[in-house]
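Have a look at the structure below, then the notes.
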Amino acid sequence: MLTITTIEEIKKWRNDFQEKHPRKKIGFVPTMGFLHRGHLSLIQKAKETADIVVVSIFVNPIQFNDKKDFEAYPIDLQNDKALLSDLKVDILFAPSKDEIYGSGNPEIIIDYPSYTNVMCGKNRPGHFQGVLYIVHNLFQYVRPHSAVFGLKDYQQYLLIKKMTEELAFDIDIIAADLMREENGLALSSRNARLSKEGIEKALQISKALFLAKEVWENNKNTTAGEIKTILFEKMKNLEIEYASVYNSEILQEFNEEETFHRAVIAVAVYIENVRLIDNVILE
Ligand code: PAF
């Protein structure tokens, strides 16, 4: 695996590679590192759909609306490199903060207010704008043919898909399923910050989501309000940021009395000051 740390080098690698292999497809998996099975499944998907895979590791400061959350974000580049080598990833792009933001934070804002003012965006001002900015620029540096994003961050996936279409990037955005532990807990780099008791508490999240999904599958006339009642009841010991039902295409929250056909039930909770998100898709 070749590790590249500068923008100039990754651009040069991209140009040289395409010149030598004009028919080969480049797959891209952007990450913030501290890789787990969830990331590895994204990489696996990229390998299945492209000839060569580039993974980036960059903890993007401008997408953290809470400085403490950024400072607490776990980093283990050594272990990440070993995992990526085992998976036979071809290129790792791991730039420093100075390499990306050396000339200061960007003033330009890429935003889709109707998509960013709900769910995670509502309480994390600037978060998705920071994500869109870095993904946009990584796309410019790597110029991949396809890029894989996990459905655990459903809102992020939809926003990136929208940005890619509207800014006319010729990049196929591929969705990868949310990965769970056997006990149902959604995989996340943040799980490493939870105590044993915290993990035990976190299991209430997937249990609540699975029950809500089952209730809807047994009765498609279940209203959004009834689903919310199940979620709040099942997660009553948790600090809930949001737990609701959204249109899975335009991310609009359903009113309490509405029934629905395609939806994403999404939640964000805090356990031991760690913010966890999870969702189930109904279709
Ligand atoms: O999902 C993530 O890990 C990050 O938001 C991403 C897409 C790598 C951008 O920093």
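Summary of computed values
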| quantity | calculated |
| --- | --- |
| Listed residues 163, 1, 179 arranged by accessible area, highest first, probe 1.4 Å | 1, 179, 163 |
| If the convex hull is drawn through the Cα atoms of the chain, its volume per residue in Å³ | 133 Å³ |
| Amide H contacts under 5 Å for residue 242, placed H, 5+ residues apart | 268 |
| Under the span-like rule (Cα at least 24 Å along the axis, Kyte-Doolittle mean at least 1.6), DSSP H helices of the chain | none |
| Loop sites in the range 177-273: chymotrypsin sites (Phe, Trp or Tyr not before Pro), DSSP, at most 12 other Cβ within 10 Å | none |
| Using θ = phi - 60° and Karplus 6.51 cos²θ - 1.76 cosθ + 1.60, couplings along the range 91-103 (whole Hz; Gly, Pro as x) | 10, 10, 9, 10, x, 7, 4, 5, 4, 8, 10, x, 8 |
| Label point distance in nm, residue 11-residue 137, each placed 7 Å from Cα along Cα→Cβ | 1.3 nm |
| Pairwise label distance in nanometres, residue 109 with residue 240, each label 7 Å out on the Cα-Cβ vector | 3.0 nm |
| Taking only Cα atoms of the range 1-144, radius of gyration then Dmax in Å | 15.8, 47 |
| Euclidean distance between Cα centres, the range 158-216 to the range 78-123, Å | 18 Å |
| Fraction of beta bridges assigned by DSSP in the chain that are antiparallel (%, nearest 5) | 50 percent |
| Nearest-0.05 FRET efficiency for residue 66 and residue 258, computed from C-beta distance (R0 45 Å) | 0.90 |
| Qualifying trypsin sites (Lys or Arg not before Pro) for the range 191-271 [loop in DSSP, other Cβ within 10 Å: at most 13] | 220, 236, 262 |
| Karplus (6.51, -1.76, 1.60) ³J(HN,Hα), θ = phi - 60°, over the range 251-257, in Hz, Gly and Pro reported as x | 6, 6, 6, 6, 6, 3, 8 |
| Computed over the range 175-283, Kirkwood Rh from alpha-carbon pairs, angstrom | 14.1 Å |
| Mean-position separation - Cα centroids, the range 269-283 and the range 232-246, in angstrom | 9 Å |
| The chain - percent relative contact order, Cα under 8 Å, separation 6 or more | 18 percent |
| Area accessible to solvent at residue 145, 1.4 Å probe radius, in Å² | 50 Å² |
| Distant-in-sequence amide H partners of residue 28 (H built 1.01 Å from N, under 5 Å) | 54, 146, 147, 148 |
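The values are calculated or read from the model by the stated rules, or taken from the named source; none is laboratory data. Owing to the predicted nature of the structure, the values given are computational and were not obtained by experimental measurement. Quick reminder, even Gly has a Cβ in these numbers, built from the backbone with ideal geometry, and neighbours come from all protein chains shown. Heavy atoms of the whole protein, side chains included, go into the accessibility calculation; ligands, DNA and RNA do not. Shrake-Rupley method; radii C 1.70, N 1.55, O 1.52, S 1.80 Å.
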